[in-house]
Amino acid sequence: MEVTLDMLRAAGERHLPGLLGVEITRAAAGLVVGELEVHAGLFAPNGFLHAAAVVGLADTACGYGAMLNLPAGATGFTTVELKSNFVGTARDGRLRVEARLAHGGRTTQLWQAPVARLADGKLMAHFSCTQLVLY
């Protein structure tokens, strides 16, 4: 069965991606693109975007990518490592993530997912994660 954008959107609708407001805009082999509208509900007490919102956006895109790129016979995946390097923040606008498959093996996948402000393309965070493929 081919997974569509509507299916990906529906999968997260009643879970954390939906709660955050993650919008998946593109999915292709080894690539998932998503966006997130920045609003006060996603701020930390210091008045800036909470790091967890950025991680949630990036991890969602990588997770959907892992789902779409499982090797034959695999039944799922789980995250075994993730890392974020923050180089900026936002108080408004939209964020965009482009999650790309850097390694797709039988037992692991490595995803790279830079997060940038949509308006000016300025990098906010570099996210990477390793997924363990389950059988």
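The values are calculated or read from the model by the stated rules, or taken from the named source; none is laboratory data. From a predicted model like this one, the values you see are computed outputs, not experimental measurements. Positions of Cβ are generated from backbone atoms using ideal geometry, with glycine treated the same way; all protein chains shown enter the neighbour counts. In case anyone asks, the SASA skips ligands and DNA or RNA and just uses the protein heavy atoms, side chains included. Shrake-Rupley method; radii C 1.70, N 1.55, O 1.52, S 1.80 Å.
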Problem set entry | Of all residues in the stretch 74-97 being in contact with a His (Cβ under 8 Å, 6 or more places away or on another chain) and in a strand (DSSP E or B), the one that is nearest to M124 (Cα to Cα) | N85
For this session: Would you confirm whether any residue within the stretch 86-106 is open to solvent by 80 Å² or more (accessible area, probe 1.4 Å), under 25 Å from L132 (Cβ atoms) and in contact (Cβ under 8 Å) with a residue 60 or more places away in the chain?
Result: yes
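Just wondering, is there one or more residues in the stretch 98-116 that are assigned to a strand (DSSP E or B), over 11 Å from the mean Cα position of the chain (by Cα), charged (D, E, K, R) and at pLDDT 95 or above?
Residues of the stretch 98-116 assigned to a strand (DSSP E or B): 98-104, 108-116.
Filter once more, keeping what is over 11 Å from the mean Cα position of the chain (by Cα): 101-104, 108-110, 116.
Right, trim to charged (D, E, K, R) and you get none.
No - not one qualifying residue is present in the stretch 98-116.
Please count how many residues of the stretch 107-129 are hydroxyl-bearing (S, T, Y) and surrounded by 18 or more Cβ atoms within 10 Å (Cβ to Cβ). Walk me through how you get there before you give the answer.
Step one: of the stretch 107-129, the residues hydroxyl-bearing (S, T, Y) are 107-108, 128.
If we keep only those that are surrounded by 18 or more Cβ atoms within 10 Å (Cβ to Cβ) too, we end up with 128.
Within the stretch 107-129, residues that are hydroxyl-bearing (S, T, Y) and surrounded by 18 or more Cβ atoms within 10 Å (Cβ to Cβ) number 1.
Look through V38, V32 and report the one residue that is touching a residue at least 24 places away in the same chain (Cβ under 8 Å) and either open to solvent by 10 Å² or more (accessible area, probe 1.4 Å) or under 17 Å from V87 (Cα atoms) (or both).
Numbers: V32 fails: either open to solvent by 10 Å² or more (accessible area, probe 1.4 Å) or under 17 Å from V87 (Cα atoms) (or both).
Matching residue, one of V38, V32: V38.
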For this session: Could you grab me the full set of residues in the stretch 58-85 that are surrounded by fewer than 21 Cβ atoms within 10 Å (Cβ to Cβ), out of contact with any Gly (no Cβ under 9 Å at 6 or more places or on another chain) and touching a residue at least 40 places away in the same chain (Cβ under 8 Å)?
Result: G73, A74, T75, G76, T78, V80, E81, L82, K83, S84, N85
Exercise. Taking the condition open to solvent by 40 Å² or more (accessible area, probe 1.4 Å), in a helix (DSSP H, G or I) and either farther than 15 Å from C129 by Cβ or in contact (Cβ under 8 Å) with a residue 24 or more places away in the chain (or both), does L19 pass?
Worked result: yes
